[in-house]
1. Can you find even one residue in segment 447-470 that is over 20 Å from the mean Cα position of the chain (by Cα) and open to solvent by less than 20 Å² (accessible area, probe 1.4 Å)?
2. Is it true that some residue in segment 24-44 is surrounded by 18 or more Cβ atoms within 10 Å (Cβ to Cβ) and touching a Leu at 6+ places or on another chain (Cβ under 6 Å)?
3. How do the pairs read when you match residues in segment 97-116 that are under 14 Å from F11 (Cβ atoms) with residues anywhere that are of a type in the set (S, T, Y) and surrounded by 18 or more Cβ atoms within 10 Å (Cβ to Cβ), using Cβ under 8 Å and keeping only pairs 6 or more apart or on different chains?
4. For residues that are in a loop (DSSP other than H, G, I, E, B) and more than 20 Å from the chain's Cα centre (by Cα), tally how many sit in segment 490-505.
5. Please state which one of I233, I217 is in contact (Cβ under 8 Å) with a residue 40 or more places away in the chain, of a type outside the set (S, T, Y) and part of a strand (DSSP E or B).
6. Is it fair to say E435 is open to solvent by 10 Å² or more (accessible area, probe 1.4 Å) and more than 24 Å from A310 (Cα to Cα)?
7. So, in segment 506-540, of the ones that are in a loop (DSSP other than H, G, I, E, B) and polar (S, T, N, Q), which residue ends up surrounded by the fewest Cβ atoms within 10 Å (Cβ to Cβ)?
Amino acid sequence: MYRYTDFDRQFVRARAAQYRDQLERNLAGTLGDDEFRPLRLQNGWYIQRHAPMLRVAVPYGAISSAQLRNLAAIAREFDRGYAHFTTRQNVQYNWIPLVKSADVMDRLAAADQHGIQTSGNCIRNITTDALAGVAADEVVDPRPYAEVLRQWSTLHPEFAFLPRKFKIAISGAREDRAAIAWHDIGLELRRNDAGEVGFRVLVGGGMGRTPIVASEIAAFVPWQQILVYLEAIVRVYNRFGRRDNAYKARIKILVKAEGPKFFDAVNAEFRKILERDQDGASQIIPPAELERIAASFVRPAEVTPRAEAAASPDAPLAYRRWLERNVHAHQVPGWRAVSLSVKRAGQAPGDATDAQLEAAADLADRFSCGELRVTHDQNLLLPWVKSDDLPALYEAARAAGYATPNIGLVTDMIACPGGDFCALANARSIPVAAELTERLADLDEVFDLGDIDLHISGCINSCGHHHSGHIGILGVDKDGTEWYQLTLGGSDGSDHAPVAVPGKVIGPSFAASEIADAVEAVLDTYRAQRLAGEKFIDALRRLGLEPFRQAANACRTTTARPGDAAEALEAVAA
């Protein structure tokens, strides 16, 4: 993990002190709410449906056991005893009183944590593959570059008030596990024929009202020049992105509208910055600086090759299933990465109590050199596990409620907080996730269905990534009643569906009482018509939407319903 320097610590503590002054002036009435709003947002503080919400940054998903314990203490002392892991590798709290927010900022800063730029029209948390640095298929470790980007983008004076929020993701492996094509900028680390490291750059991806997959703007940018290229992209967007219409302000709209003109403008700006750099105003990354940062990402001293420990063929079925779904190959012989499933019956996807957070920290200390990762599918991951520790880890994870063997299966669903918490949501997500979890409680059935990405969003802003789900559910509002659109065939670009595409709506919305039946009908259709060994997404592409649409439509029992996807109104995303 990146080790904070004295400068880093002074930086976040100064920011916390600055926020305390702003809050106190707001509470005293000398700083108006309109003036305070952008200040609190860029520190991660929202005003949601019932109470303030805090979003804490977990840069590129890496978190220490001590930091996770700090989050557990904040949940216990300031919130209602739990926190929520998000799809952007962040952590959210839903019940912290605003008057206590400065105290929480101080607690975060004391543990080298913060909420800086987790909201607002700025460059948000940089995300990457949760297996970064340990993945067996890794080409280049993306973590040092993610940290360079974090430092470059944090409080960047030119990009503090962009037309809309801005998200960057980096992948350094052969499989894209960071969904880079669904981001404003997606970066793929690669090596050219000479073995030199550079980036393939994608631009203009995003979900929301208009789901668009990013386009390649550069096939190879040398790593030393990547900040220059990103500066050029964001500068052109800042200059020409729309500010008159929040629904059309994302860079994806600018890229779609301008096409080659946008690409030409970026490349012209890139050349201009490089020419200016020759006069001394450099954005080129010095090799010594990358080496300094990369030194924080060396493997723990004890992570050295060791003998592989084989699983006993007589091991219980539950353990063998856990090995199959939750345990991942590693770069270092004799080691594994292990997913801790944060998808449990009785809790919303991604939710963990303070006790569960502390239990995960204990698992990290005992089995993973004190380090965890937050994944973009709302789980946790232990990156440094000895293969011969797997039996003991399984028993400890099972006792802590983290051993559900469902990673990548239909019950490993993504869901946003929805209408239960979010002021923007049109419908609730959590009850839909709960009903589907209850219906799919039979692990034999879930394993038989195989790899399926099920994503649920409470509104068109798509915080639950419904567009990229093999099965996507979108909550919509019709005259104060909750309805749900069903989409099929989306993908995030990972190996089981390596081309990122948005799902397609299969018809008018379903009533809240119908949506779980419709999903089950889709799954039953797959089960009945699949070929031997055929995955859900492959069967869907072979068969087309029609048999699944017919099966889902047979579940309709309500006659009055919204007409189609066009009836969903987009809220302004926070």
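1. Yes, because at least one residue in segment 447-470 is over 20 Å from the mean Cα position of the chain (by Cα) and open to solvent by less than 20 Å² (accessible area, probe 1.4 Å).
2. yes
3. Final answer for the pair search is M105/Y19; I116/T154.
4. So the answer is 0.
5. I217
6. Yes.
7. S513
To keep it simple, each residue is scored yes or no on (1) of a type in the set (D, E, K, R); (2) under 12 Å from R69 (Cα atoms); (3) touching a helix residue (DSSP H, G or I) at 6+ places or on another chain (Cβ under 8 Å); (4) surrounded by fewer than 23 Cβ atoms within 10 Å (Cβ to Cβ).
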residue	(1), (2), (3), (4)
R336	yes, no, yes, no
A359	no, yes, yes, yes
D362	yes, yes, yes, yes
D377	yes, no, no, no
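The values are calculated or read from the model by the stated rules, or taken from the named source; none is laboratory data. Model, not experiment: these values are computed from the prediction. Note: ideal-geometry Cβ built from the backbone for every residue, glycine included; neighbour counts use all protein chains shown. These accessible areas exclude ligands, DNA and RNA; they are computed on the full protein's heavy atoms, side chains included. Shrake-Rupley method; radii C 1.70, N 1.55, O 1.52, S 1.80 Å.
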